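Heads up: the structure comes next, in structure tokens.
The values are calculated or read from the model by the stated rules, or taken from the named source; none is laboratory data. Given the structure is predicted, the values throughout are model-derived calculations rather than measurements. Cβ sites come from the backbone with ideal geometry, for glycine too, and all protein chains shown count toward neighbours.
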Ligand code: SF4
Ligand code: SF4
């Protein structure tokens, strides 16, 4: 695609990167067929190619974002299916990240929009605040009828109430803990414990640590590490995202002799693996690149160290839902299914596995209609496989797909179970 940035514009390193990405696009439109928002809405402006044109126009003309661009870019899930499909290697992720920063700095959103976004940014990355908010949501759920109406604000508030689990999870605060390997220490890793995950699904970290320890891996969760920054990053809050990235890079770089940095929430993993790019112009650039190279999804690491089950698997049909952040963001598709099969499960996959379930960070709150359509579509295709359990490697997807009568369990809980751990809580229920 031809671009017409001026030399002065191209002197800005961020614009220079956007220019390179735009020029790689050849308008072929292959990406539209696999874009969940185009498939759902049928509007070219809600396709990757349409959004690329909008972003190009906005950046080339060096003007503030307009409402139409905000509408269509906000509707993008950042699922990155378009990057998997694109034959020209267009880095849509970095382009849309740039566009979101541009929107955040040049566009004044309506008050209700600003309030919801602020609330999410102030609550979700902090496990204690999130636990308190979910307790309030559970109390408020019987009064959900007061939020009737078709305004976007009412829909978003209803979506928030619906997402709070019915029961409070046991409190978990893993910051500053070290978990010794059982027997000889073969590896030493840091674990990103996740923020929402500690509040909503603490059993995932418990299973991860138990499994790694059993396989001879010491697990360290430094006190100074925190949220990966994905939430604010996807809101275009660049400085907040950089601060989160710097904090984690500094915390992990201070641990000597690490073999890997393990991430068991693939949405976070995609961002941590991109820290090297995010901090490329920072004084921590070198350390950030090292962290990105060390970051591994839990499934990558388990396969590399020779995961093997220690008990016969029960006769369970497991439907594997591929989280977008894992299959598109990290290009990890086969490994989770290989591990599940190794553990002895019967593994099935739904039709159209490339399509997002609608979770996408805070998308299911901010875009409840599209997220609801994608959830129903995904659940229909999962149900058609007649599974006993649905599994995924990302707590956001598990929360989105819960509540439809089929248990949802993180893949690491199933693998830990077969390696000698206890049966996943989600199955016992
Ligand atoms: S990231 Fe997903 S929703 Fe956004 S344009 Fe690409 S395929 Fe479509
Ligand atoms: S598939 Fe790639 S090159 Fe083709 S329109 Fe989409 S982004 Fe551009």
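Considering only residues that are surrounded by fewer than 19 Cβ atoms within 10 Å (Cβ to Cβ) and away from ligand 2 (no atom under 16 Å from the Cβ), which ones fall in region 93-103?
The answer is 101, and nothing else.
Let me confirm something: among 255, 332, 262, which residue is part of a loop (DSSP other than H, G, I, E, B) and buried (at least 19 other Cβ atoms within 10 Å of the Cβ)? Lay out the reasoning, then the answer.
On the way: 255 fails: buried (at least 19 other Cβ atoms within 10 Å of the Cβ); 262 fails: part of a loop (DSSP other than H, G, I, E, B).
The match here is 332.
Here's the yes/no breakdown for (1) within 30 Å of residue 253 (Cα to Cα); (2) out of contact with any strand residue (DSSP E or B) (no Cβ under 6 Å at 6 or more places or on another chain):
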{"position": "285", "(1), (2)": "yes, yes"}
{"position": "288", "(1), (2)": "yes, yes"}
{"position": "298", "(1), (2)": "yes, no"}
{"position": "302", "(1), (2)": "yes, yes"}
{"position": "314", "(1), (2)": "no, yes"}
{"position": "320", "(1), (2)": "no, no"}
{"position": "325", "(1), (2)": "yes, yes"}
{"position": "349", "(1), (2)": "no, no"}
{"position": "371", "(1), (2)": "no, yes"}
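Give the number of residues within region 408-429 that are buried (at least 18 other Cβ atoms within 10 Å of the Cβ) and either in a loop (DSSP other than H, G, I, E, B) or at pLDDT 95 or above (or both).
Number satisfying all stated conditions: 14.
Going through region 138-160 one residue at a time, which ones are under 23 Å from the mean Cα position of the chain (by Cα) and either closer than 19 Å to residue 395 by Cα or in a loop (DSSP other than H, G, I, E, B) (or both)?
Step one: of region 138-160, the residues under 23 Å from the mean Cα position of the chain (by Cα) are 155-160.
If the condition is that a residue be under 23 Å from the mean Cα position of the chain (by Cα) and either closer than 19 Å to residue 395 by Cα or in a loop (DSSP other than H, G, I, E, B) (or both), then 159, 160 are the ones that fit.
For region 32-62, which residues satisfy the criterion of being in contact (Cβ under 8 Å) with a residue 40 or more places away in the chain and surrounded by fewer than 14 Cβ atoms within 10 Å (Cβ to Cβ)?
Hit for region 32-62 is 33, nothing else.
Which one of these does residue 122 not meet: (1) surrounded by fewer than 17 Cβ atoms within 10 Å (Cβ to Cβ); (2) farther than 23 Å from residue 360 by Cα?
Answer for residue 122: the failing condition is (2).
Show me the helices (runs of 4 or more DSSP H) entirely contained within region 6-97 in which 1 or more residues are more than 13 Å from ligand 1 (Cβ to nearest atom) and closer than 30 Å to residue 281 by Cβ.
Values: elements: 7-10, 13-24, 36-41, 48-60, 67-74, 81-85.
Answer list for region 6-97: 7-10, 13-24, 48-60, 67-74.
What number of residues within region 190-208 satisfy the criterion of being over 18 Å from the mean Cα position of the chain (by Cα) and buried (at least 23 other Cβ atoms within 10 Å of the Cβ)?
Count: 2.
What number of residues within region 289-329 satisfy the criterion of being within 21 Å of residue 83 (Cβ to Cβ) and outside any strand (DSSP E or B)?
14
Can you tell me which residue among 89, 29 is within 27 Å of the chain's Cα centre (by Cα), closer than 21 Å to residue 277 by Cβ, surrounded by fewer than 19 Cβ atoms within 10 Å (Cβ to Cβ) and within 16 Å of ligand 2 (Cβ to nearest atom)?
89
Can you pull out every residue in region 383-394 that is touching a helix residue (DSSP H, G or I) at 6+ places or on another chain (Cβ under 8 Å) and either without any contact (Cβ under 8 Å) to a residue 24 or more places away in the chain or crowded, with 24+ Cβ neighbours inside 10 Å (or both)? Give the derivation first.
Going residue by residue through region 383-394, those that are touching a helix residue (DSSP H, G or I) at 6+ places or on another chain (Cβ under 8 Å) are 389-394.
Within region 383-394, 390, 391, 392, 393, 394 meet the criteria.
Among the residues of region 212-245, how many are more than 22 Å from residue 79 (Cα to Cα) and surrounded by fewer than 24 Cβ atoms within 10 Å (Cβ to Cβ)?
Of all residues in region 212-245, those more than 22 Å from residue 79 (Cα to Cα) come to 212-226, 239, 243.
Filter again for surrounded by fewer than 24 Cβ atoms within 10 Å (Cβ to Cβ), leaving 213-216, 218, 220-224, 226, 239, 243.
Number satisfying all stated conditions: 13.
Say whether the condition of being within 16 Å of ligand 2 (Cβ to nearest atom), in contact with a helix residue (DSSP H, G or I) (Cβ under 9 Å, 6 or more places away or on another chain) and closer than 30 Å to residue 202 by Cα is met by at least one residue in region 116-126. Walk me through it before giving the result.
Residues of region 116-126 within 16 Å of ligand 2 (Cβ to nearest atom): none.
No, the conditions are met nowhere in region 116-126.
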